[in-house]
Amino acid sequence: MKTHLLSVTATLALIAATAQAEEVRVYNWSDYIDEALLEKFEAETGLELIYDVFDSNEVLETKMLAGGSGYDVVVPSGTFLQRQIVAGAFQPLDMSKLPNAANLWDVIADRTAAYDPDNAYSINYMWGTTGLGVNEPKVKEILGDDAPVTSWSLIFDPANAEKLAACGIHMLDAPAEMIPAALNYLGLNPDSHDPDDIARAEEVLLPIRPYIQKFHSSEYINALANGDICVAVGWSGDVLQARDRAAEADNGVEVSYYAPDEGALMWFDQMAIPVDAPNPEGAHVFLNFIMDAQNMADASNYVYYANGNLASQPLLEEDVIGDPAIYPDEAAMASTYTTTPYPARVQRTVTRLWTKIKSGV
Amino acid sequence: MRRFALIAIPYFWLLALFLVPFLIVLKISLSDLALARPPYLPQWNFGDGWEALRAFFADLDMENFVFLSEDDLYWRAYISSLRIAVISTVITLLVGFPIAYGIARSPVEWRPTLLMLIILPFWTSFLIRVYAWMGILSKEGLLNQFLLWLGVIGEPLTILNTNTAVYIAIVYTYLPFMILPIYAALDRLDDSLLEAAEDLGCSRIQAFWLVTIPLARNGIIAGCFLVFIPAIGEVIIPSLMGGSGTLMIGKVLWEEFFSNRDWPVASAVAIILLLILIIPIILFQRNEQKQREAEG
């Protein structure tokens, strides 16, 4: 009886061990993949995929810095990735396990190398801009036909914001994106780390604070699509998803995305493997699967974000590759700007300013 | 020996689950922010021995605590949390006491069912219940639709994302913690005492104030603590249901931890919060004990 029990325990332990090895845990942004791809991955590789989502870089970063997150693949944005690499949160990629890396697009890889030198720790998943999601008919009804829908002045000008307030304005709860946008609007360097410059963002954001209904980084997709709000500061693909949800619901809501004329922040979401990933082997399998041209094209066709995969471009649908809101032309590309991470003390200034803007204290 | 073992268990419990975590948080609150994993520099490790410990205490600066005193955000958040917690506790008591009293006065065979109804909502996830309230209170929500249909209001009320929504959610969530201890106290109440009071010339209302309330006192105090303490540090309710103007220390702590990645300052905020909570409770218990001794 005792030996029997022992063998049962041993078998259970073995099952637990193999189950552990067969799992790949991925932590990605919400609304950021075609879920059919997740099933395809499991069917192709026989690995069990556990897919969790988040909607803020800050939450991800805290998990990375605390360690022991249990995830094998995570998706921080450029500046956050850079800081986490310095903190030692990621392991270098084993390129011999990633043959599909040949599909990557050098234009994007050159830019992401600013955050991740030689792209040693990460691959680009998708990239986009931060701009304005606009319910154009409603906005024009309120502000007139010459409403500045392609300019930050649509909401950064308090006179416009006040008129739009009743219809609803949402803003990303992302100080690292909103403060550069305000500085850019003032004609200052959006990537300034000078606390005096950063303090000037207050001039733009504090006067419009009473007219912002909510600071949130994912609710605006549904709010725009349902026609609950008129304007959202949001990420390009998310706004385009709102546009499509509205079209599908056929509720008469028309949503458009504009990268503002003053210049838009260009950001990159990078897939990386935590240094303490339980299954780095499986993580590489997942990265290689994602870099497959067809898979990446499917993902972009679904979420309306541009990707860093050159080979996927012929497979993209025309309303993705042909849409300048997703793949900007060269002139628009040139007017975008990028940012670098804030040092800790400056970060405190930024967060404090953001708290003041959100809560008035 | 056996007595020692009996006493040792609760003390071990306190040591392992309260004192040790407290000391860890205290240690982090005294360290410095760093870009590392975890993101602070331990100025002293448990393995470094006495020499290092002495050096640690020698150049101990309370800079994180000094920092908290310099920015009025933290004090305002503490005060605002205290206010929200006190008001919610009072409302919970006003709502909870009559319910507990009603259950205690109901026929014996109904009581298990009624208690079950109080506990039943706990079987649903707390998060789902908060989201349900968001659905009820939102502009397009059930409550507004109902009131518009009745014709009581002409315009939908803005309740969600205000402090009112926070009060509603806290009272709803913590109500059972108020009802159950008060019920337990009222249930033990000997009815003959009330009869005696009435025989001695008390009206029913006087008997309620002079007999029922004093005997239910311990239950009321326990219920108030059970509501007040978690309410003051509440973070999920203010972030989901509060507006951008709802200032609570739990949210501030969240920001310190997640947005600033400043674990030392976040720990300092937590330590102060603990002191704010624990000192009044200790004083209160001292006072209680003195009173009991005076009476005894």
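The values are calculated or read from the model by the stated rules, or taken from the named source; none is laboratory data. These numbers come from a predicted model, not from an experiment. Neighbour counts are summed over all protein chains in view; Cβ atoms, including those assigned to glycine, are modelled from backbone coordinates with ideal geometry.
Only one of the numbered conditions (1) within 14 Å of chain A (Cβ to nearest Cβ); (2) touching a residue at least 60 places away in the same chain (Cβ under 8 Å); (3) closer than 28 Å to B:Pro280 by Cβ is not met by B:Ala231, and that is (1). Does B:Phe208 qualify as being touching a residue at least 12 places away in the same chain (Cβ under 8 Å), part of a helix (DSSP H, G or I) and hydrophobic (A, V, I, L, M, F, W, C)? No; evaluated as a whole, the condition is false for this residue. State yes or no: is A:Pro328 within 10 Å of chain B (Cβ to nearest Cβ), under 20 Å from the mean Cα position of the chain (by Cα) and outside any helix (DSSP H, G or I)? Here the answer is no, as A:Pro328 does not meet what is asked. Residues in the range A:209-229 that are farther than 18 Å from B:Asn161 by Cα and within 13 Å of chain B (Cβ to nearest Cβ): A:Asn226, A:Gly227.
In the set (1) crowded, with 20+ Cβ neighbours inside 10 Å; (2) within 20 Å of A:Tyr304 (Cα to Cα); (3) over 15 Å from the mean Cα position of the chain (by Cα), the condition left unmet by A:Ala36 is number (1). Within the range A:155-169, one or more residues are in a helix (DSSP H, G or I) and within 14 Å of another protein chain (Cβ to nearest Cβ). Starting from residues that are of a type in the set (Val, Ile, Thr) and part of a loop (DSSP other than H, G, I, E, B), keep the ones in the range A:331-355 and report whichever is nearest to the other protein chains (Cβ to nearest Cβ). The residue in question is A:Thr340. Of the residues making up the range A:164-222, not one is at positive phi and in contact with a Gly (Cβ under 8 Å, 6 or more places away or on another chain).
Okay, residues lined up against (1) in contact with a helix residue (DSSP H, G or I) (Cβ under 6 Å, 6 or more places away or on another chain); (2) closer than 21 Å to A:Tyr185 by Cα; (3) surrounded by fewer than 21 Cβ atoms within 10 Å (Cβ to Cβ):
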| site | (1), (2), (3) |
| --- | --- |
| A:Glu203 | no, yes, yes |
| A:Ala249 | no, no, yes |
| A:Asp261 | no, yes, yes |
| A:Ala283 | no, no, no |
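Only a single criterion out of (1) surrounded by fewer than 21 Cβ atoms within 10 Å (Cβ to Cβ); (2) modelled with pLDDT under 95 is not satisfied by A:Asp298, namely (2). For the range B:133-151, a residue qualifies if it is crowded, with 16+ Cβ neighbours inside 10 Å and over 16 Å from B:Asn163 (Cα atoms), and the qualifying residues are B:Gly141, B:Leu143, B:Asn144. Checked against the criteria, A:Gly133 does not count as on the phi > 0 side of the Ramachandran plot and assigned by TED's automatic domain parsing to the domain that holds A:Arg245.
The residue that is nearest to A:Arg348 (Cα to Cα), counting only those in the range B:73-120 that are buried (at least 17 other Cβ atoms within 10 Å of the Cβ) and of a type in the set (Gly, Ala, Ser), is B:Ala77. Cβ-Cβ contacts under 7 Å between residues 6 or more apart (or on different chains), taken from a first residue in the range B:136-161 that is closer than 22 Å to B:Tyr172 by Cβ to a second residue that is in a loop (DSSP other than H, G, I, E, B) and of a type in the set (Lys, Arg), are listed as B:Pro156/B:Lys139; B:Thr158/B:Lys139. Each residue in the range B:251-262 was checked for being of a type in the set (Phe, Trp, Tyr) and at the interface with chain A (Cβ under 8 Å from one of its Cβ atoms), and 2 of them qualify. Criterion applied to A:Leu104, A:Leu98 was being in contact with a His (Cβ under 8 Å, 6 or more places away or on another chain), more than 30 Å from A:Ile169 (Cβ to Cβ) and either surrounded by fewer than 19 Cβ atoms within 10 Å (Cβ to Cβ) or touching a residue at least 40 places away in the same chain (Cβ under 8 Å) (or both), and the one residue passing it is A:Leu98.
For the range B:52-63, the criterion of being assigned to a helix (DSSP H, G or I), of a type in the set (D, E, K, R) and over 30 Å from A:Val361 (Cα atoms) is met by at least one residue.
Listed here are the residues, each with its yes/no results for (1) over 30 Å from A:Ala166 (Cα atoms); (2) β-branched (Val, Ile, Thr).
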residue	(1), (2)
B:Ile79	yes, yes
B:Ala85	yes, no
B:Val95	yes, yes
B:Ile99	yes, yes
B:Ser106	yes, no
B:Trp110	yes, no
B:Ala132	no, no
B:Phe146	no, no
B:Gly151	no, no
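Taking the range B:211-224 as the range and being free of Cβ contacts under 8 Å to residues at least 40 places away in the same chain and within 16 Å of B:Ile91 (Cα to Cα) as the test, only B:Ile221 passes. Inspection of the range B:263-278 identifies at least one residue that is in contact with a Lys or Arg (Cβ under 9 Å, 6 or more places away or on another chain), closer than 30 Å to A:Met64 by Cβ and within 14 Å of chain A (Cβ to nearest Cβ). Cβ-Cβ contacts under 7 Å between residues 6 or more apart (or on different chains), taken from a first residue in the range B:83-108 that is in contact (Cβ under 8 Å) with a residue 40 or more places away in the chain and more than 16 Å from B:Ile221 (Cα to Cα) to a second residue that is surrounded by fewer than 20 Cβ atoms within 10 Å (Cβ to Cβ) and among the basic types (Lys, Arg), are listed as B:Ile103/B:Arg111. Within the set A:Leu310, A:Leu316, the sole residue that is touching a Ser or Thr at 6+ places or on another chain (Cβ under 7 Å) and modelled with pLDDT of 90 or more turns out to be A:Leu316.
Each residue in the range A:77-112 was checked for being among the aromatic types (Phe, Trp, Tyr), in a helix (DSSP H, G or I) and within 23 Å of A:Val285 (Cα to Cα), and 0 pass.
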